[in-house]
Amino acid sequence: YTVGKHTLVAIEHLDGIRQAVPANTSFCAYATELEELNAIYQQISDPSVLYMALLLHDIDKPSPEHPYTGADKARRIAMEFGFNEIQRDAICFLVREHKAMIELARYYQWDEDSIPEFQQKVESLDRLMSLYLLTYCDSKANGEQNFTSLDEDNLKRLYELTRDRFVGRGEEQWYAYADADEFHRFLHQMPVSYRITHSPKEIAVHIKLVKAVEAHGASVIHFVDKAGYTELHLCG
């Protein structure tokens, strides 16, 4: 693709993620790839920042320094579009670092230092989620020959390892209360705040309650958090 065509295809991939709706809302169901990415998209604080960064990420190609020079241009353009200073900083970060995650996933052996260094670079969970989605869409728009299944798996694993450093995991505690796979499936559909504020023991109780409700033929809808409102389903 030309740079312009590549950018439009990358945005189409982000549109696909944004529009993905889980076909089965039961927590026991395995989510598709787009549904997993949509769950991340739902948690980012400002999707407009992600869209703007994806639109501008290659604006200064073919310069080999285009992530850095492009970030400077992106700041000026974002200002003209009415983005505030905090949004402009986030857009510049995403443009400047849009190659960092795929290069780390593809070319480097991770050790005890590389993941903490990457975590320090992204600074926050929100930026990590936005950078992961931008990297996925950017890489996907390069074609299967340039974004192999191994690259995709490594990218996802890098995201998960870094995310765990922000929110904690405590798997050794989980296994004492419930099956590890059940924890993973349940937590995948819950917001980050739930994972931070509830202990493994409390989560295990919630999982058992959900299973009890489903055993009686009821449908349990997972938590959905979108900009502007919170949707909460209660089952008795």
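Okay, here's what the table says:
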read-out	value
Hits among lysines - C-alpha to C-alpha of Lys140 under 28 Å, sequence gap 8 or more where chains match	Lys5, Lys61, Lys73, Lys99, Lys121, Lys156, Lys226
Surface per residue (accessible, 1.4 Å probe) for the stretch 48-155, Å²	52 Å²
Percent accessible area from carbon and sulfur atoms, the stretch 26-173, protein chains only, probe 1.4 Å	48 percent
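The values are calculated or read from the model by the stated rules, or taken from the named source; none is laboratory data. Everything quoted here is computed from the prediction, not taken from an experiment. These accessible areas exclude ligands, DNA and RNA; they are computed on the full protein's heavy atoms, side chains included. Shrake-Rupley method; radii C 1.70, N 1.55, O 1.52, S 1.80 Å.
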